[in-house]
Amino acid sequence: MPIRILIADDHGVLRAGLRVLLNAEPDMQVVGEAATGRETLRLASELRPDVVLLDLSMPDLGGIEVTRRIKTALPDTRVLILTVHEDERMLREAIRAGAAGYIVKRAVEAELINAIRVVWRGDLYVHPAMTCVLLKGLVPSSPTDEQPIESLTPRDTEILRLIAQGYTNREIADLLSLSVRTVESHRANIMDKLGLRGRAALVRYAREHGLLD
């Protein structure tokens, strides 16, 4: 029996290309196409596909909510997210909603075909470009993994302190007579130097290193 696939994307040209690509595989069959979130839910209920290839940015009902509802109604159906979003938050939300895989649209054809087979077997697939993002998001950073505060310039330290105190990039820019873009650049450099991600990690680091005393 071939892997029965429902393609859900609001771009007709993309759906057509995916249909040709997947139907050319001897072990795959596209059984339906949907252009909206609600149409995806209806067709999934009617067709009961093995895999739903789902875009996150769907009209009328987003891909995260569609994933959640499919997994509630059809727990045996595997949802593979196909998206342009190379974003930690979206990746984590998709996995929490029940997605079995996450692949970005710039992936080559062989990667997509492999991803479909992986999730159909019951395994989790994350595109290599997103693997590091997933690990950083799910595994708490250890203090021993952090770079020393000495790696920061005086301006970095000043901006880190203000971030930890709750100031926005705009407010920091106004306080220090800098452009918002310059503040954003410092913020990105601080996170790179310290090996941290997100404001919560910056606040924790600042607190542990006495910047809020």
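We did not get these values from a lab; they are worked out from the coordinates using the rules stated. Every value quoted in this text rests on a predicted model; they were computed, and no experiment measured them. Glycine also receives a Cβ, built like all others from the backbone with ideal geometry; neighbour counts cover every protein chain displayed.
Annotations
- The smallest convex shape that holds all Cα atoms of the range 3-138, its convex hull, gives 89 Å³ per residue.
- Site pair Glu65 and Asp192 shows an inter-label distance of 3.8 nm when each label is modelled 7 Å from Cα along Cα→Cβ.
- Between Leu124 and Leu212, the contour length at 0.36 nm per residue exceeds the Cα-Cα span by 27.6 nm.
- The mean sequence separation of alpha-carbon pairs under 8 Å and at least six residues apart, normalised by the residue count of the range 143-208, gives a relative contact order of 43 percent.
- Unit charges at the beta carbon, dipole of the chain: most positive-side option, Ala107, Ala24, Ile149: Ala24
- Distance (nanometres) between label positions extended 7 Å along Cα→Cβ at Arg106 and Arg92: 2.3
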